[in-house]
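This report concerns only the one structure given below.
Derivation of every value follows stated rules applied to the coordinates shown; laboratory data play no part. Keep in mind it's a predicted model, so treat the numbers as computed, not measured. Using ideal geometry, Cβ is built from the backbone for each residue, glycine included, and neighbour counts are taken over all protein chains shown.
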Amino acid sequence: MKNNRHLAALCCLGLLAACARLTPPTAPAPTAAAAPAVPVFVPEPEPPPPSQQELLAQYVDRVQRLIRGNMLYKSKTGNPESLFEVALKPDMTIARVRLVKSSGNKRFDLAVKRAIVKTGSYPALPNGLEFSMFQTHKIKYRLHDAL
């Protein structure tokens, strides 16, 4: 009977061992690093608003391009330069154009004056610039350079 108990105990141990071999190993718990990456939308920061100097430079460039687009004088020799005073009305239309300093070439000076007058009016001022800055101002015009 003792042998039977021994045999029964051995059988139980063998059965337990066999069961242990059949049971799949437990997987480790998933960690945060193992989780799939989820794309995160991060909006780009808004650029800061332009400074008054940047606004002024952009506006003056725009006006210069308008005037240059109306210029009809063509010459490949020299680079004459004229200086004009321009007065604007509050609606940004050109009220008066006056030659302050001649280039020495009357045809060129007249062509520049006509280009300014033909422009008719300046674009609306952007927020941040005041009319008083432009009411009366001077424009230097060089034939082969930017205004």
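Normalised by the number of residues in region 65-134, the mean separation of alpha-carbon contacts (under 8 Å, six or more apart) gives a relative contact order of 36 percent. Placing unit charges on the Cβ atoms of the charged side chains and taking the dipole of region 80-147 about its Cα centre, the candidate lying farthest along the positive direction among Leu143, Thr93, Phe108 is Phe108. Straight-line reach from Lys76: taking Cα to Cα under 30 Å and skipping same-chain neighbours fewer than 8 places apart, the lysines in range are Lys101, Lys106, Lys113, Lys118, Lys138, Lys140. About its Cα centre, the dipole of region 80-147 is roughly 360 debye, where the only charges are +1 on Lys and Arg Cβ and -1 on Asp and Glu Cβ.
For region 28-145, a crude dipole built from +1 on the beta carbon of Lys and Arg and -1 on the beta carbon of Asp and Glu, taken about the Cα centre, is about 1200 debye to the nearest 20.
Hey, if you drop one equal point scatterer on each alpha-carbon of region 80-147 and run the Debye formula without solvent, what base-10 log of I(q)/I(0) do you get at q = 0.11, 0.15, 0.29 Å⁻¹? Once normalised to I(0) and log-transformed, intensities are -0.27, -0.48, -1.30.
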